[in-house]
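What follows is one structure encoded as structure tokens, with my remarks underneath.
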Amino acid sequence: MKVAVVHDWLTDLGGAEKVLKSIINIYPNADIYTIVCGMNNEQLSSLGILKPVNTSFIQRLPFGIKKYRSYLPLMPLAIQQFDLSSYDLIISSSYCVAKGVLTGPDQLHISYCHSPVRYAWDLQGQYLKESGIESGFKSILARYFLNKIRDFDVRSSFAVDKYVANSTFIQRRIMKFYRRESEVIYPPVDTESFTLVENRQNYYITCSRLVPYKKVDLIVNAFKSLPDRHLLVVGDGPDYKRIKESLPPNVTLLGFLEYSDLISKIQNAKAFIYAAEEDFGIVPVEAQACGTPVIGYGKGGLIDTVKNGITGIHFYKQTTASIIEAVKKFENSVTLVSAKEISQHAQKFGSERFENELSDFINEAIELHKSKLIQMVKG
């Protein structure tokens, strides 16, 4: 069986790339297709990609690699230029346009959906606000192109044979926007590296890329009103300077940390705090693998990964007041399970589990697809 794997773009090593790595572990001889690739050979090797990556024409446009997001209006066209006609199985790892590749009726296309295009659907308003283009000519232009992306997203959804969602939250979004059923297979988390430590130190921690939707500023503002608690903030990004300028004395901004240092900080924290609405959210699971409870926004993928009142505390508004209330509730009125039990809960999100579940799902889909083709031939 000849296999192609299609990924939106290869520019950073994030959660979607961990999924890609596991897919390549299952199909090491698969050919890889992506809009643009900005990774070096070492980064590609870490994902198991040992052969040349097939890229679109956007790769060759001015600043195509560094400013690839600026070419969003061209991405539907770009993804449909890949000739995949010689492949039996196509697996798309998609959160933008990857699932839009063209396939034929004898081919099987399985899409692992990280999310329907978030900024084109229900989060359009948030995207426009955070980009500073809520009004004016740029806003009109952005809304026009986002409307085109929505049209493409729906049309291309029909050609996918089977959907896999990364959480029940994304499963609901797939049904809402595509009207398609999907199987939930949680993405792989490196629970083996984030090992259990049962003794806690007296500080809280949050870790994420410092961008507006992660809401790290809300967490920092909450600790301004909790001056006797200490918070560590790990991460870098566009909001780093703004957050640094308003730091209270009890908050330490650590910036980027090496992997081993990050693990150590999370292992010893009193609790991990997370205020973003995520499709899945890998870092809260990594924290739990260490036995560290999570105080998190109870929406999106966190509903699947953090058991409210058992392995952590949910709060239900993205506000400073809600975070303050949740921290106090965590300290004063809720008794969670032990660090060991929190760690055991996180193990069900491990990498080996993901590869086994995804492999079984694909094999079952292949057999069903073959059976249908045979029935059609027999008439």
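Rule-based calculations on the coordinates, nothing more; no lab input. Just so it is clear, the model here is predicted, and its values are computed rather than measured. Backbone-built Cβ (ideal geometry, glycine too); neighbour counts: all protein chains shown.
Axis of helix 259-268 versus longest Cα principal axis of the chain: the two differ by about 50°, to the nearest ten degrees. In terms of overall dimensions, the stretch 83-206 has a Cα radius of gyration and Dmax of 18.8, 59 angstrom.
Could you please tell me the mean projected area of the C-alpha convex hull for the chain, averaged over all directions and given in square nanometres to one decimal?
Details: hull surface 78.4 nm².
It is 19.6 nm².
Of the listed peptides 194-202, 223-231, what is their order by residue-averaged count of other C-beta atoms within 10 Å, with the highest listed first?
On the way: 194-202: 13.9, 223-231: 16.4.
Most protected by this proxy first, the peptides run 223-231, 194-202.
Only Cα pairs under 8 Å and 6+ residues apart enter the sum, and on that basis the relative contact order of the stretch 204-349 stands at 23 percent. Computed from Cα atoms, the angle from the helix 168-178 axis to the main principal axis of the chain rounds to 40 degrees. For the stretch 204-349, the residue among PHE256, ALA326, GLY281 whose Cα projects farthest onto the positive side of the dipole built from Cβ charges is ALA326.
With contacts taken as Cα pairs under 8 Å at a separation of at least 6 residues, the chain carries a relative contact order of 14 percent.
The label-point distance for ARG180 and THR195, in a model that sets each label 7 Å from Cα toward Cβ, rounds to 4.2 nm. The packing ranking, built from the mean of other Cβ atoms within 10 Å per residue, places the peptides 106-115, 54-63, 328-337 in the order 106-115, 54-63, 328-337, highest first. Relative to the longest principal axis of the Cα atoms of the chain, the long axis of helix 137-157 makes an angle of roughly 60 degrees.
If you place +1 on the Cβ of every Lys and Arg, -1 on the Cβ of every Asp and Glu, and leave all else neutral, what size is the dipole of the stretch 204-349 about its Cα centre, to the nearest 20 Debye?
Working: 17 positive and 15 negative charges, 56 e Å.
Taking the Cα centre of the stretch 204-349 as origin, the dipole is about 260 debye.
Sum -39500 (n - 2.57) across every DSSP H segment of at least 4 residues in the chain, then divide by the residue count to get the 222 nm mean residue ellipticity, nearest 500. Calculated at 222 nm, the ellipticity per residue is -11500 deg cm²/dmol.
With kT/(6 pi eta Rh) evaluated at 4 °C and eta = 1.567 mPa s, and Rh the Kirkwood radius from Cα pairs, the stretch 297-366 diffuses with a coefficient of 91 µm²/s according to Stokes-Einstein. Using equal-weight Cα scatterers in the Debye expression, the normalised intensity of the stretch 204-349 in log10 at q = 0.18, 0.22 Å⁻¹ is -1.01, -1.57.
Gain on full extension, evaluated as 0.36 nm per residue between LYS307 and PHE145 minus their Cα-Cα distance, stands at 54.4 nm.
If the chain between ASN29 and TYR316 were fully stretched, how many nm would it gain, using 0.36 nm times the residue separation less the Cα-Cα distance?
Working: separation 287, 0.36 × 287 = 103.32 nm, distance 4.46 nm.
Full-extension gain reported as 98.9 nm.
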